[in-house]
Amino acid sequence: MRQIAVSAGLALLTLGLIQVPARAEKAIQISLKDRYLTLFDNGKVVERFPVAIGAPESPTPAGSYAITRMEEAPVYHKGGKVIAPGPKNPVGVRYMAYFQIGSGEYAIHGTAWPNWVKLRSAVSLGCIRMLNKDVVTLFQQVDVGTPVIVTTN
């Protein structure tokens, strides 16, 4: 017998004699205008982080996506160059891909250049850059499949 019960805002899934809390609905919204990433849980703001976005010549595309891949220790590859995981890595200490186009992809990731994020600059190749400490916090709270909504407002 399966049933869903709601008690004090916490959804419980009852399977026989075992009650398991249902996973809350998380979502990420990125405002290209304000240059902030907001993490929602069941429609309520959990955290808000400053971000850097795509430069005018390589803009971040608006749209509705979902996290497709997560890397805890990303290795950077570009033009034959390989940079090991760590804070000096151009994609920082965490990487969450959310949209693939051709052989490239857009991701939310850390950065080796925190000042661009602090200034909320438009400097990336289209990805969303976060401070390394912030991307670790976000990474711990989302999963593959978490919705990512990128807005122009």
**Fill in**
In the structure shown, of Lys44/Lys133; Lys33/Lys78; Lys33/Lys133, the pairs separated by more than 25 angstrom at the C-alpha atoms are Lys33/Lys78
**Prompt:** Roughly to the nearest percent, how much of the accessible area of region 26-153 is carbon and sulfur, given a 1.4 Å probe?
**Reply:** 54
**Request:** Sort region 78-153 into rounded, prolate or oblate with this rule: let a ≥ b ≥ c be the square roots of the eigenvalues of the Cα gyration tensor; rounded if a/c is under 1.5, and if a/c is not under 1.5, prolate when a/b is larger than b/c, oblate otherwise.
**Result:** rounded
**Spatial extent of region 31-77: Rg and Dmax, with the Cα atoms as the point set, Å** = 13.2, 37
**Request:** Per residue of region 118-130, in order, report the coupling 6.51 cos²θ - 1.76 cosθ + 1.60 (Karplus, θ = phi - 60°) as ³J(HN,Hα) in whole Hz, putting x for Gly and Pro.
**Result:** 4, 8, 6, 7, 9, 9, 7, 8, x, 6, 9, 9, 10
**Ranked order, Val150, Val144 - accessible area, probe 1.4 Å, largest first** = Val144, Val150
**Prompt:** If you take the square roots of the eigenvalues of the alpha-carbon gyration tensor of region 36-126 and sort them as a ≥ b ≥ c, do you get rounded (a/c under 1.5), prolate (a/b over b/c) or oblate?
**Reply:** rounded
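The values are calculated or read from the model by the stated rules, or taken from the named source; none is laboratory data. Model, not experiment: these values are computed from the prediction. Side chains included, ligands, DNA and RNA excluded: accessible areas come from the protein's heavy atoms. Shrake-Rupley method; radii C 1.70, N 1.55, O 1.52, S 1.80 Å.
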